[in-house]
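Below you'll find the structure, written out as structure tokens, and then a few comments.
The values are calculated or read from the model by the stated rules, or taken from the named source; none is laboratory data. What you are looking at is a predicted structure, and each value in this text was computed from that prediction instead of being measured. Please note: Cβ atoms are built from the backbone with ideal geometry, for glycine as well, and neighbour counts cover all protein chains shown. SASA here: full protein model, heavy atoms, side chains in, ligands and nucleic acids out. Shrake-Rupley method; radii C 1.70, N 1.55, O 1.52, S 1.80 Å.
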Protein chains: 2
Amino acid sequence: MAEKHLYGAVLLKAKEILDFISNSETAPGLKEISEHVDISKPTVLKILQTLEYCGFVRSDGKIKQYYLGTIFIKYGNESTQSFNLVKIAMPFLNKLRDETTEAVNLGIVEKDRVVLLDRAKSTNSIHFDLELGGTMHMYSSAMGKAILSHYSDEQIDNYLDQTALKPLTKNTLVTRKDLLNNLSEIRNCGYAIDDIENQEGVYCIGFPLVKNGQIFGGFSISAPVFRVDEQIIANWVKLGLETEKNIVDQF
Amino acid sequence: MAEKHLYGAVLLKAKEILDFISNSETAPGLKEISEHVDISKPTVLKILQTLEYCGFVRSDGKIKQYYLGTIFIKYGNESTQSFNLVKIAMPFLNKLRDETTEAVNLGIVEKDRVVLLDRAKSTNSIHFDLELGGTMHMYSSAMGKAILSHYSDEQIDNYLDQTALKPLTKNTLVTRKDLLNNLSEIRNCGYAIDDIENQEGVYCIGFPLVKNGQIFGGFSISAPVFRVDEQIIANWVKLGLETEKNIVDQF
DNA sequence: AAATGACGTTTCTTATTAGGAAATATAGTC
DNA sequence: GACTATATTTCCTAATAAGAAACGTCATTT
């Protein structure tokens with residue numbers, strides 16, 4: 001975790017603490033936080049008090065439990081809105097969701113991972129929603145592969161050198177050869193399929209967003225695998241490619 | 001800004017910087033940030049570098065511009081989900097939105113202000129969306145007044161002692177007497193009206209969420225004033241009160 | 001093409017802040 | 001009413017932060 005000569009030791013500690021709170025199933029207390037981030041209780045306490053003063057955490061109860069503060073709702077919303085892509089694409093993606101009834105997700109790549117910027121929720125009662133701001137691997141997700149397929153050979157090599165292709169399901173492409181073949185297919189047909197490669201039971205079709213040879217994001221349609229068949233997929237591909245064109249034209 | 005004996009000077013500075021970025025219309029650079037938060041450029045630079053390393057900001061360009069990081073999308077989503085209220089209430093509020101076609105907002109009170117936790121967006125093409133995580137005054141908003149009406153006399157006094165009733169529109173209730181009268185009406189009828197008291201052109205009906213005498217939040221229906229009339233309001237009140245009952249029963 | 005100006009970045013030294021062991025307080029439990 | 005688990009305070013030393021000034025870099029002007 002420690003990097004070169006980074007200023008702001010307290011900030012790095014605060015980040016660890018926030019991440020731990022963020023990743024905890026149930027809101028943790030001081031002792032639990034202190035143990036997990038491996039910083040003494042007094043120090044963690046002092047940081048938590050300042051974080052609370054700033055609105056970055058809120059706490060509850062006498063044996064205190066810490067939660068992420070509501071200010072992050074504001075910051076998160078503003079982070080999302082800072083991407084022109086979101087403002088431009090979401091109207092089209094909402095329309096695509098209405099046409100398909102399935103979840104439609106919008107993302108960009110940051111540090112070799114796909115980040116979910118926004119989404120249109122499925123209107124079906126059975127569905128999987130991705131968590132806003134959550135990340136996925138490029139190699140396993142439809143959106144990620146769609147984006148990766150527009151990288152240069154050098155960039156792809158670079159990515160693969162730095163990334164272990166761990167299986168996430170039994171369908172995950174885990175060899176360089178399989179993935180490169182798939183990327184080549186994607187480049188040809190213009191869309192990517194994730195047939196339960198990223199998450200059990202979930203089928204996705206991903207589309208790249210490219211203008212002037214520059215990839216600036218991607219989107220995907222995501223559905224429980226039991227709801228898809230060849231005809232439906234063909235229709236989603238058609239609708240998705242139209243949507244892609246509309247978004248790119250506006251960009 | 002400086003409080004008692006708060007540990008973590010860097011955190012407080014980081015918070016100032018994040019707030020400044022958050023409140024800027026266009027993404028600011030180092031010089032602009034340094035001037036506005038009144039901290040020297042080297043210090044701001046070092047903090048920004050650490051914030052960027054943590055994913056709290058991202059930057060663009062050679063003459064750098066700073067934006068809030070995408071990690072806040074995740075944190076914000078998790079902050080929202082940490083409220084059981086959101087999980088319980090939103091299905092009912094989505095239904096209420098479908099019935100009214102207007103924006104339906106869910107909030108709680110934090111430090112004397114209403115915080116917007118989540119919302120169902122209006123389906124009308126002309127509409128005002130509140131910003132997620134944004135805050136409103138209690139005295140001027142329908143949701144705020146609905147909540148305030150369930151405070152004890154002492155709590156209300158306390159609130160009024162600490163709050164200047166500044167007019168936000170020409171209809172804002174700015175005298176203690178008018179507000180107390182209104183709160184008394186709200187207590188009787190069970191809902192609050194904001195007739196362009198909080199924002200130009202916007203009419204809201206607010207409902208408190210109370211269980212066992214304990215106020216735990218509120219919600220509101222919000223519409224452009226030109227779309228409301230007496231009959232519509234009567235219908236929204238009926239639908240809102242039903243929704244309120246459903247949410248409270250589940251809580 | 002040289003000069004200017006507007007930023008971002010680095011260096012370096014002193015004053016300030018952070019860190020954690022140990023003691024203490026406080027609440028829940030048996 | 002003693003016990004246990006957690007939160008909080010104290011206090012001193014080691015580590016960190018802050019900013020003035022100098023420097024680098026890029027874009028624009030003359």
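On the basis of being more than 10 Å from DNA strand D (Cβ to nearest atom), open to solvent by 60 Å² or more (accessible area, probe 1.4 Å), more than 10 Å from every other protein chain (Cβ to nearest Cβ) and not β-branched (V, I, T), does B:E35 make the cut? Against the criterion (more than 10 Å from DNA strand D (Cβ to nearest atom), open to solvent by 60 Å² or more (accessible area, probe 1.4 Å), more than 10 Å from every other protein chain (Cβ to nearest Cβ) and not β-branched (V, I, T)), B:E35 qualifies. Within region A:7-49, the residues that satisfy the criterion of being among the basic types (K, R) and under 23 Å from A:I73 (Cα atoms) are A:K13, A:K15. If the condition is being in contact with a helix residue (DSSP H, G or I) (Cβ under 6 Å, 6 or more places away or on another chain) and within 13 Å of another protein chain (Cβ to nearest Cβ), then region A:95-111 contributes A:L106, A:G107, A:V109. Just a yes or no: is a residue in region A:11-24 of a type in the set (A, V, I, L, M, F, W, C), closer than 18 Å to B:L51 by Cβ and within 8 Å of DNA strand D (Cβ to nearest atom)? The answer is yes, given that some residue of region A:11-24 is of a type in the set (A, V, I, L, M, F, W, C), closer than 18 Å to B:L51 by Cβ and within 8 Å of DNA strand D (Cβ to nearest atom). Answer with yes or no whether B:F92 is open to solvent by 40 Å² or more (accessible area, probe 1.4 Å), more than 16 Å from DNA strand D (Cβ to nearest atom) and either within 30 Å of A:L12 (Cα to Cα) or in contact with a helix residue (DSSP H, G or I) (Cβ under 6 Å, 6 or more places away or on another chain) (or both). Criteria met by B:F92. For residues in region A:38-66 being open to solvent by less than 60 Å² (accessible area, probe 1.4 Å), away from DNA strand C (no atom under 11 Å from the Cβ) and more than 21 Å from A:L12 (Cβ to Cβ), which is farthest from the other protein chains (Cβ to nearest Cβ)? Within region A:38-66, the match that is farthest from the other protein chains (Cβ to nearest Cβ) is A:S59. Counting only residues that are without any contact (Cβ under 8 Å) to a residue 60 or more places away in the chain and open to solvent by less than 30 Å² (accessible area, probe 1.4 Å), which one in region B:123-153 is farthest from A:Y75 (Cα to Cα)? Among them, the one singled out is B:S149. When B:I73 is tested against (1) of a type in the set (A, V, I, L, M); (2) surrounded by 16 or more Cβ atoms within 10 Å (Cβ to Cβ); (3) within 16 Å of DNA strand C (Cβ to nearest atom); (4) free of Cβ contacts under 8 Å to residues at least 40 places away in the same chain, only condition (3) is not met. Answer with yes or no whether B:K15 is under 28 Å from A:T43 (Cβ atoms), open to solvent by less than 50 Å² (accessible area, probe 1.4 Å) and of a type in the set (K, R). So B:K15 fits the description; yes. Screening A:V86 with (1) away from DNA strand C (no atom under 11 Å from the Cβ); (2) within 11 Å of another protein chain (Cβ to nearest Cβ); (3) more than 20 Å from B:D19 (Cβ to Cβ); (4) open to solvent by 50 Å² or more (accessible area, probe 1.4 Å) gives one miss only, at (4).
Matching residues to (1) part of a loop (DSSP other than H, G, I, E, B); (2) closer than 30 Å to B:D118 by Cβ; (3) at pLDDT below 95:
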| position | (1), (2), (3) |
| --- | --- |
| A:N124 | yes, yes, yes |
| A:H127 | yes, yes, yes |
| A:L132 | yes, yes, no |
| A:Y139 | yes, no, no |
| A:Q155 | no, no, yes |
| A:L165 | yes, no, no |
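Evaluated against (1) open to solvent by less than 70 Å² (accessible area, probe 1.4 Å); (2) within 9 Å of the chain's Cα centre (by Cα); (3) not hydroxyl-bearing (S, T, Y), B:R113 falls short on exactly one condition, (1). Would you call B:K64 more than 17 Å from the chain's Cα centre (by Cα) and either within 16 Å of DNA strand D (Cβ to nearest atom) or assigned by TED's automatic domain parsing to the domain that holds B:S24 (or both)? Judged against the criteria, B:K64 is a match. Across region B:18-32, the number of residues qualifying as within 11 Å of chain A (Cβ to nearest Cβ), of a type outside the set (V, I, T) and open to solvent by less than 30 Å² (accessible area, probe 1.4 Å) comes to 4. Of all residues in region B:173-218, those that are touching a Leu at 6+ places or on another chain (Cβ under 8 Å), without any contact (Cβ under 8 Å) to a residue 24 or more places away in the chain and surrounded by 13 or more Cβ atoms within 10 Å (Cβ to Cβ) total 2.
In summary, B:Y7 fulfils each of the numbered conditions (1) open to solvent by 10 Å² or more (accessible area, probe 1.4 Å); (2) within 10 Å of another protein chain (Cβ to nearest Cβ); (3) modelled with pLDDT of 90 or more with the single exception of condition (3). The lone criterion from (1) within 24 Å of A:R119 (Cα to Cα); (2) surrounded by 18 or more Cβ atoms within 10 Å (Cβ to Cβ) left unmet by A:N246 is number (2). Restricting attention to region B:167-220 and to residues that are aliphatic (A, V, I, L, M) and in a helix (DSSP H, G or I), the residue that is nearest to B:S122 (Cα to Cα) turns out to be B:I186.
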